[in-house]
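Below is one structure; the comments refer to it alone.
The values are calculated or read from the model by the stated rules, or taken from the named source; none is laboratory data. Source: prediction; values computed, not measured. Here the Cβ positions follow ideal geometry from the backbone for every residue, glycine too, while neighbour counts run over all protein chains shown. Accessible surface areas use protein heavy atoms only, side chains included; no ligands, DNA or RNA. Shrake-Rupley method; radii C 1.70, N 1.55, O 1.52, S 1.80 Å.
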Amino acid sequence: MPDLLQLQVHDLEVQVLTGIYSEETHLPQPLRISVTADLDMPERFDPETPLSASKSYIDLKHAATTALPTDVHFTLIEAVAEHICDTLFVSDARVQRVEVRIVKLAIAEHGESIGVTLVRNRR
């Protein structure tokens, strides 16, 4: 089994146009998004290893925030997760797998986490 590097950004709160009910379709909803990306990696990370041997965490944050279009209504949060995966796959050929967890904050009544986890592998 090859070695693997997992980059993670967790618990980003993002306003996204999403939902199927009439009360959800006019205004953005708060979503809590976490992203894990599995990358091919060099054999070792020495003290002098440059950032180019890895990937910036900011790229994951960008995929889950500013890369999401503000003028597109995503009917399902699954489509939001797909967009994040696609953004990361296109941005770097070393990304082999992406896991996106999305929690819909507006529907929680007692602090519970209600949402989806989508996992995509590079094809």
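If I filter region 35-59 down to residues being within 20 Å of P69 (Cβ to Cβ) and aliphatic (A, V, I, L, M), which single residue comes out as modelled with the highest pLDDT? Steps first, please.
Quick first cut of region 35-59, residues within 20 Å of P69 (Cβ to Cβ) only: 35, 58-59.
If we keep only those that are aliphatic (A, V, I, L, M) as well, we get 35, 58.
Working: V35: 98, I58: 95.
Here the answer is V35.
Tell me, please, whether a residue that is more than 16 Å from A108 (Cβ to Cβ), open to solvent by 30 Å² or more (accessible area, probe 1.4 Å), in a loop (DSSP other than H, G, I, E, B) and at pLDDT below 95 can be found in region 3-10.
Narrowing region 3-10 to residues more than 16 Å from A108 (Cβ to Cβ): 3-10.
Then keep just the ones that are open to solvent by 30 Å² or more (accessible area, probe 1.4 Å); that gives 3-6, 8, 10.
With the extra rule that they be in a loop (DSSP other than H, G, I, E, B), the set shrinks to 3-4.
Remaining after also requiring at pLDDT below 95: 3-4.
Yes.
Does at least one position in region 99-113 carry a residue that is open to solvent by 70 Å² or more (accessible area, probe 1.4 Å), part of a strand (DSSP E or B), within 17 Å of L7 (Cβ to Cβ) and modelled with pLDDT of 95 or more?
Yes, region 99-113 contains at least one residue that is open to solvent by 70 Å² or more (accessible area, probe 1.4 Å), part of a strand (DSSP E or B), within 17 Å of L7 (Cβ to Cβ) and modelled with pLDDT of 95 or more.
If you go through region 42-88, how many residues are part of a loop (DSSP other than H, G, I, E, B), over 17 Å from L5 (Cβ atoms), open to solvent by less than 30 Å² (accessible area, probe 1.4 Å) and not aliphatic (A, V, I, L, M)?
Going through region 42-88 one residue at a time, the tally reaches 0.
State the number of residues belonging to region 51-75 that are among the hydrophobic types (A, V, I, L, M, F, W, C) and free of Cβ contacts under 8 Å to residues at least 40 places away in the same chain.
Residues meeting the conditions: 5.
Would a scan of region 12-34 turn up a residue that is modelled with pLDDT of 95 or more, touching a His at 6+ places or on another chain (Cβ under 8 Å) and either open to solvent by less than 60 Å² (accessible area, probe 1.4 Å) or part of a helix (DSSP H, G or I) (or both)?
Yes: one or more hits.
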